[in-house]
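Shown next, in structure tokens, is the structure this report addresses.
The values are calculated or read from the model by the stated rules, or taken from the named source; none is laboratory data. Note that the structure is predicted; figures quoted are calculated from it, not measured. Every residue, glycine as well, gets a Cβ built from its backbone with ideal geometry; the counts of neighbours run over all protein chains shown. Note: areas computed on protein heavy atoms with side chains; ligands, DNA, RNA excluded. Shrake-Rupley method; radii C 1.70, N 1.55, O 1.52, S 1.80 Å.
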Amino acid sequence: MNGSIPKRILIIEDNEAFLKILKMRLESRGYETILARDGLEGLNAVRKEKPDLVISDIMLPTMDGHKICRLIKLDRNIRHIPVIMLSSRDLDKDAEIAKKGGADAFIGKTIRAEVIMDVITKLLYKDQRA
Amino acid sequence: MRILIAEDDRITRQLLEKALVKRGYEVVVTCDGNEAWDVLQCPDAPQLAILDWMMPDMDGVEVCTKVRAEKKEPYTYLILLTAKGNKEDIAVGLDTGANDYVTKPFNLRELQARVKVGMRMVDLQNSLADHVKKLQELDRLKSDFISIVSHELRTPIAVMKGGVSLILDGVVGEITENQRDLLTDTMDNIDRLTRLVTGLLDVSKIEAGKINLRRRSTDLCAMVENIANHFDCEARDKGIQLRTELPDGVLKLFVDDDKINQIFNNLISNAIRFTRSGGEIVICVEEKEDNVECSVSDTGVGIAEKNIPKLFNKFVQIGRVDGSGYKGTGLGLVIVKGLVEMHGGKIWVESELGKGSTFRFTLKKVPFPSVLVVDDEKKIVDIVKRFLSVDDYLLLEAYGGIEAVKKAKMAHPSLIVLDMLLPDMDGYEVIEQLKRDENTNDIPILILSGAKVDKERIVQLNDCINIPILGKPIHPEELLNNVQEMVNY
């Protein structure tokens, strides 16, 4: 962040309480957040806003997270945006589907906040190291 | 109750029909084996059939063979009618799948009695099938229930955890020491709830046999060393010495490394919990002839002998109190036992109250899977070999169809990666030959082809519906995933 333009992160999550927590956590780290509460809204926001990173829940109204991720990764204009999938479901199975769909990371929702933040930092700044 | 009769002789046919109708059965009459088989294939076919042995075209024994091979449900009870009194012949008839026989000339009373026996058997088979269906349905419901419930629990847990940690981290403002104290307790309990939900899901998956091992080549020594390092800090904080006794060098095993990690993590964290300051924990790995024996020993509180048999039961928390107030889930050892058994091993405990406990388990050594890579281009063979890394698989190669079939017969590999365009014999023929030979027909095949593959033809080749087809250029990850999936034990 180093005083430069803050990175913008899109959160796609239908659970209002979890959305709020994630937003507060990210903003406390100096990120700017964009919020979407269902799948289609989320996908449109990715296309329009071109955020620096997307965090998406899996079970969502109108379009599930796996599909959003696949559509992002198939689209030449936005496929470079890292996608983190968040799930509270049967973790092994979702992790596998997420991997096949091209997600950059898969995290269980009950994992420690620090871990999530570390993954975000890694994904946001991996290009600069390379 | 309906009965099928297949008899080419008119007089016998009428005699049978009359005798059975008299007993209140509904009778379907046919004059030869073909007709009988047609009737038996109908959805609502009779479940008991009396078949004459000698009939034109298809005889009674052939009908029996066909029924047993192609008609599993619902059950059909088959009675052969035979003029052959020879015991050998009768044995042949029963071997092909007939349930009973009646020799001609027959006694009507006897025939009726045997039909009655058959009907009882049909009733039993039907109720058995019903029960199995119900049990399967229940099992499915149970699995669905647990996975839905654990999902529904995880979402609120995630919200609580996220909220409390925001406050604890001071994101929403300063908090007092008392508030921090209470919130830390809350957090510990949320973590416990998380472990419980994860543990429950694990146990239900183990019980349902739904965990697939993802075996890969793993150096057990390096892994144990790693885990020990990970716990070193925690042990030292409690004043416990943690050390390992490992064989020199590398000990490669074909295991699911995540699961083995889980086993060690569980046993070591238990050992730390139940050992007091000044104590010692030793993690030991020893290579035996056909297995590897691992153990985690502590000098902790120990377990009373009467409690040892209960240790691996669900929700049992033997009075091993560590004083920190930390409570386990009572599921850890159940999961550990399940995971050890999935690896073909056993787990047991040696313990003495006040002196300490040793948890010992074995891991069966399984052979590394061999993969036969078939392609006429050496370049492709080399690429595939590189992707599959020599460490994890025993790699064989063949540059033509004939060589491939020969090597498959000789080495019986765990998987064949097959190119379709080969100089001497194309891939289709290779598949055909492999499937025809009972020594090779069980080897899974993965097609890797640059040209378009005729899926229809592959499906037609006996028993080949599940052959996955990958294109070229090769995607390493796709290849690796498929190979890993297919060679799974």
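Name every residue in segment B:62-82 that is out of contact with any strand residue (DSSP E or B) (no Cβ under 7 Å at 6 or more places or on another chain) and either outside any loop (DSSP other than H, G, I, E, B) or of a type outside the set (D, E, K, R) (or both), in order of residue number.
Filtering segment B:62-82 down to residues out of contact with any strand residue (DSSP E or B) (no Cβ under 7 Å at 6 or more places or on another chain) leaves B:62, B:65-66, B:68-75.
Hits for segment B:62-82 are B:Glu62, B:Thr65, B:Lys66, B:Arg68, B:Ala69, B:Glu70, B:Pro74, B:Tyr75.
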- Picked from segment B:242-279 (must be aliphatic (A, V, I, L, M) and part of a loop (DSSP other than H, G, I, E, B)), the residue least open to solvent (accessible area, probe 1.4 Å) is B:Leu251
- Test result for B:Gln14, of a type in the set (S, T, N, Q) and closer than 20 Å to B:Thr103 by Cβ: yes
- Task: Being in a loop (DSSP other than H, G, I, E, B) and open to solvent by 70 Å² or more (accessible area, probe 1.4 Å) is the filter; apply it to segment A:65-93 and report the residue that is farthest from A:Leu19 (Cα to Cα).
- Result: A:Arg76
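Could you run through segment B:143-171 and say how many residues are β-branched (Val, Ile, Thr) and more than 7 Å from chain A (Cβ to nearest Cβ)?
Selection size over segment B:143-171: 5.
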- Task: Starting from residues that are modelled with pLDDT under 75 and in a helix (DSSP H, G or I), keep the ones in segment B:440-484 and report whichever is farthest from A:Glu96 (Cα to Cα).
- Result: B:Gln460
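Considering segment B:17-31 alone, what residues qualify as being over 12 Å from B:Met1 (Cβ atoms) and acidic (Asp, Glu)? If you could, list the steps in order and put the result at the bottom.
Initial filter on segment B:17-31 (over 12 Å from B:Met1 (Cβ atoms)): B:17-19, B:22, B:29-31.
Within segment B:17-31, B:Glu17 is the sole residue that qualifies.
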- Message: Against the conditions (1) open to solvent by less than 80 Å² (accessible area, probe 1.4 Å); (2) polar (S, T, N, Q); (3) within 14 Å of chain A (Cβ to nearest Cβ), where does B:Asn189 fall short? Just the number, please.
- Response: (1)
- Query: Scanning segment B:412-469 for residues that are β-branched (Val, Ile, Thr) and more than 25 Å from the chain's Cα centre (by Cα), which turns out most open to solvent (accessible area, probe 1.4 Å)?
  - Reply: B:Val453
- Quick count over segment A:98-121, residues being at the interface with chain B (Cβ under 9 Å from one of its Cβ atoms), buried (at least 18 other Cβ atoms within 10 Å of the Cβ) and charged (D, E, K, R), is 1
- Task: Scan segment A:50-63 and give yes if some residue there is touching a strand residue (DSSP E or B) at 6+ places or on another chain (Cβ under 8 Å) and part of a helix (DSSP H, G or I), otherwise no.
- Result: no
- In segment A:14-60, residues that are at pLDDT 95 or above, under 20 Å from A:Lys99 (Cα atoms) and within 14 Å of chain B (Cβ to nearest Cβ) total 1
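Taking the options B:Leu94, B:Leu128, B:Leu111, name whichever one is part of a helix (DSSP H, G or I), over 16 Å from B:Ala49 (Cβ atoms) and either open to solvent by 90 Å² or more (accessible area, probe 1.4 Å) or away from chain A (no Cβ under 14 Å) (or both). Break it down into steps so the answer makes sense when it comes.
Numbers: B:Leu94 fails: over 16 Å from B:Ala49 (Cβ atoms); B:Leu111 fails: over 16 Å from B:Ala49 (Cβ atoms).
Going through B:Leu94, B:Leu128, B:Leu111 in turn, just one is part of a helix (DSSP H, G or I), over 16 Å from B:Ala49 (Cβ atoms) and either open to solvent by 90 Å² or more (accessible area, probe 1.4 Å) or away from chain A (no Cβ under 14 Å) (or both): B:Leu128.
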- Would you check which residues across segment A:94-117 are over 15 Å from A:Met59 (Cβ atoms), among the acidic types (Asp, Glu) and in a helix (DSSP H, G or I) and list them? A:Glu96, A:Glu114
